[in-house]
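Here's the structure, in C-alpha cells; my notes come after.
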Amino acid sequence: MDEELVYYEVQANKVTVREYLRQMNASPEERKEVLEWVREGNDFMTNVDSLADEFGYPMDYISASRAMEEICAHFAAMTPEELAEELSWQYPSPDDLLLD
C-alpha cells in the first residue's frame, strides 16, 4: 500500500484509534503494537492471527492478543501428559490411522 495513503488513513483514524486504546485500557506495549499494526495499513478492529469471537466475528487487535496470551498460558501450565490429552482429539495417534 502506498505510504502516503497509509499516513492519511492513520491520520483519519487517529481519534478513533486513540479512543479504542483508551476504552481497552491498553498497556504501553499494546499501544505500540496497535499503532504499528495501523501504520502498516491494517484496521485495529482486526488481528494478526485472524481470530474470531464465539459468534464468528473477527476480534479486535487487543482482544485477540489478550486471548492468545491466555491460551498460551493455559497450555504452558499443562504437564506433557495433560497437553497430549488436550490435543488428542485433534491429532490422532498413528495406530488410529491404520486400516483393518
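The values are calculated or read from the model by the stated rules, or taken from the named source; none is laboratory data. Quick caveat, the model's predicted, so the values are computed rather than measured. Don't worry about glycine lacking a Cβ; one is built from the backbone with ideal geometry, like all the others, and counts go over all protein chains shown.
Only one of the numbered conditions (1) assigned to a helix (DSSP H, G or I); (2) at pLDDT 90 or above is violated by M78, and that is (1). Looking across the stretch 47-61, the residues that are under 15 Å from E33 (Cα atoms) and surrounded by fewer than 15 Cβ atoms within 10 Å (Cβ to Cβ) come down to V48, D49. Residues considered: A64, A26. Of these, the only one that is part of a loop (DSSP other than H, G, I, E, B), surrounded by 15 or more Cβ atoms within 10 Å (Cβ to Cβ) and at pLDDT 90 or above is A26.
With the structure loaded, tell me whether E69 is loosely packed, with under 13 Cβ neighbours inside 10 Å, under 19 Å from L21 (Cα atoms) and out of contact with any helix residue (DSSP H, G or I) (no Cβ under 8 Å at 6 or more places or on another chain) or whether it fails that test. Taking the combined requirement at face value, the residue satisfies it.
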